[in-house]
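One structure is given here, and the rest of the page talks about it.
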Amino acid sequence: MRLLVTGGCGFIGTNFIYLMLERHPDWAIYNLDKLTYAGNRKNLLPVEQGPDKDRYHFLHGDICDRDYVEQILRDHHIDAVVNFAAESHVDRSINDPSPFVTTNVQGAQNLFECARQTGIGRFVHVSTDEVYGTLGPEGKFMESTPLAPNSPYSASKAGADLMARAYFETYGLPVVITRCSNNYGPYQFPEKLIPLMFQNAKANKSLPVYGDGMNIRDWIYVDDHCTGVELALLKGREGQAYNFGGNAEKPNIEVVKTILAALDKPESLITYVKDRPGHDKRYAMDFSLAHSELSFSPSLDFTEGIRKTLEWYEANTEWLEDVQSGAYREFMQEWYKERK
Ligand code: NAD
Ligand code: DAU
């Protein structure tokens, strides 16, 4: 298979490319990435320079660029596309929604259109549980749950999901949508809860917990999500959306305390700060459809997953420093000023 992965220099894309190259020695992977603040080409340097270099190709560019995307699909005889490229951070979308609409909606539509024009045989569009909005104390999101996004980020992802559906219904685009819960693992940008808390705790800086810390997320180790995307690519039904989750619902405060305990740091580092506007209370995924149709189930439990994750960040503190550009620092300083 000749696969175009978009956003492959980000957190999940990087892990996905490593896994697919290992699991499918006959695949060639083309990675189209704009290299925003969240994309790091160096993540995959060992592949670019290693024994797999002939079947991995980095392409610098924007998913919104119609001519370039069409050229890639034609010139490299691409069989299938997996779209990870996105603006992914909810807090940033609250500060400025517009790049979220540009990349997450217009960029996705551009990819669907280019895939339609070139007759791509398979398209996996990677979406999120956040398109469903928020849950009360009971129940789980199903694929039939109405979309009710609450942040500019999740609204932009929901927009792309609806466009994917329209491309399937109208033009027969062979698209499969995946919706996953919160990922954690290596290479996650330290604006997201787990690497941010790791980094602050290591530096004995305060750990900003939004609101009362009782918002619940369903955590999944990134490799399990990547396996879900792989299964959707290989076996998913065209036009169908599939939920993936980790069966690991945790209030944020419990995750933060787990990290502090693992690093042997005091809970006095925790600071409760102003809540995120529109903060979704609880996410939980019913992934029985993915289980029955794709044989998906998460393989790593949270205790083991968080141990592996913290071990990776301990061993890669220079990666954390490397990815934090001046632009990132400025953003965080502004953000914290508003929160206090
Ligand atoms: P990330 O922010 O770590 O990476 C995004 C990548 O996309 C970066 O490499 C960035 O450079 C690239 N990119 C951004 N705009 C682009 C553009 N216009 N053209 C080309 N490349 C562009 O994100 P992530 O956490 O790896 O998430 C990947 C995908 O998975 C996203 O679509 C996100 O919505 C979805 N998702 C994430 C999670 C999670 O917990 N992180 C859970 C469910 C779904
Ligand atoms: O659910 C899937 C989604 O998970 C993905 O679609 C998004 O791309 C991804 O960013 C993630 O969104 P969240 O908003 O859930 O992740 P984040 O790591 O930003 O926050 C997790 C929880 O922790 C959330 O309830 C907010 C809280 N939080 C976060 C940060 C950064 C804090 O309490 N303090 C913080 O400093």
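Simple point charges give the picture: +1 on the Cβ of Lys and Arg, -1 on the Cβ of Asp and Glu, and for the chain a dipole about the Cα centre of about 380 debye.
Along its principal axes, the range 75-171 has C-alpha extents of 48, 30, 20 angstrom, given from the largest down.
With a 1.4 Å probe rolled over the protein heavy atoms of all chains, the accessible area of His89, His279 falls in the order His279, His89, largest first.
Hey, if you put +1 on the Cβ of every Lys and Arg and -1 on every Asp and Glu Cβ in the range 127-229, which of Val209, Val175, Gly139 ends up farthest toward the positive end of that dipole? About the Cα centre, the residue reaching furthest to the positive side is Val209. Charge tally around Asn40: other residues with Cβ under 15 Å, Lys/Arg +1 each, Asp/Glu -1 each, net -2.
With the convex hull drawn over the C-alpha atoms of the range 1-152, the volume per residue is 132 Å³. What separates the Cα centres of the range 237-300 and the range 1-43 is a distance of 24 Å.
Roughly how many percent of the accessible protein surface of the chain is carbon and sulfur, given a 1.4 Å probe and a whole-percent answer? Don't skip to the answer; put the middle values down first.
Working: 6960 of 13980 Å².
C and S atoms contribute 50 percent here.
Given axes a ≥ b ≥ c from the Cα gyration tensor, I'd like to know whether the range 169-294 is rounded (a/c under 1.5), prolate (a/b larger than b/c) or oblate. Prolate shape, in that a/c is at least 1.5 and a/b is the bigger ratio.
Seen against the Cα atoms of the chain and their longest principal axis, helix 193-202 is set at about 40 degrees. Each of His60, Thr103, Cys114 was placed along the dipole of the range 52-130 (beta-carbon charges, centred on the mean Cα), and the one lying farthest toward the positive end is Cys114. Helix 252-262 and the long axis of the chain differ in direction by around 70°, with both axes built from C-alpha atoms. Averaged over its residues, the chain has an accessible area of 41 Å² per residue, based on protein heavy atoms and a 1.4 Å probe.
Among Met1, Met285, the sequence by solvent-accessible area, most first, with a 1.4 Å probe is Met1, Met285. Between Ser144 and Asp301, the distance separating the two model label sites (each 7 Å from Cα on the Cα→Cβ line) works out to 3.2 nm. How far, in degrees from 0 to 90, does helix 222-235 lean away from the longest principal axis of the Cα atoms of the chain, to the nearest 10? Once rounded, the angle reads 20 degrees. For Leu35, the accessible surface of its heavy atoms amounts to roughly 60 Å² (probe 1.4 Å, protein chains only, rounded to the nearest 10).
First select every other residue whose beta carbon is under 9 angstrom from the beta carbon of Asp91; then total the charges, Lys and Arg +1, Asp and Glu -1. Computed value for this residue: +1. If contacts are Cα pairs under 8 angstrom and at least 6 residues apart, what is the relative contact order of the chain in percent? Relative contact order for the chain comes out at 18 percent. For Lys281 and Ala166, the difference between the fully extended length at 0.36 nm per residue and the C-alpha to C-alpha distance is 38.4 nm.
Is the C-alpha gyration tensor of the chain telling us rounded, prolate or oblate? Criteria: a/c under 1.5 is rounded; beyond that, a/b larger than b/c is prolate, otherwise oblate.
Details: a/c = 1.58, a/b = 1.37, b/c = 1.16.
Prolate is the answer for the chain, as a/c is 1.5 or above and a/b outweighs b/c.
Residues whose amide H lies under 5 Å from that of Thr271, counting only those 5 or more places away or on a different chain, are Leu207, Val209; hydrogens are built 1.01 Å from N in the peptide plane. For the range 260-315, rounded, prolate or oblate, judged on the Cα gyration tensor with a ≥ b ≥ c (square roots of eigenvalues), a/c < 1.5 rounded, else prolate if a/b > b/c? Oblate, because a/c is 1.5 or more while a/b does not exceed b/c.
Out of all DSSP beta bridges with both ends in the chain, state the antiparallel percent to the nearest 5. Intermediate results must be reported in sequence, preceding the final value.
Details: 3 of 40 bridges.
Counting only bridges with both partners in the chain, antiparallel ones make up about 10 percent.
Considering helices alone, the calculated mean residue ellipticity of the chain at 222 nm is -12500 deg cm²/dmol, with DSSP H runs of length four and up weighted by -39500 (n - 2.57) and normalised per residue.
For Thr170, the solvent-accessible surface computed with a 1.4 Å probe is close to 90 Å², ligands and nucleic acids excluded.
Loop-located GluC sites (Glu not before Pro) in the range 137-207 (DSSP state not H, G, I, E or B) with no more than 15 neighbouring Cβ atoms inside 10 Å: Glu138. If you sort Ser98, Ser144 by accessible surface, 1.4 Å probe, largest first, the order is Ser144, Ser98.
Computed with a 1.4 Å probe on the full set of protein chains, the accessible area for Asp264 sits at about 130 Å².
The values are calculated or read from the model by the stated rules, or taken from the named source; none is laboratory data. Everything quoted here is computed from the prediction, not taken from an experiment. Don't worry about glycine lacking a Cβ; one is built from the backbone with ideal geometry, like all the others, and counts go over all protein chains shown. These area figures cover heavy atoms from the full protein model, side chains too; ligands, DNA and RNA do not enter into them. Shrake-Rupley method; radii C 1.70, N 1.55, O 1.52, S 1.80 Å.
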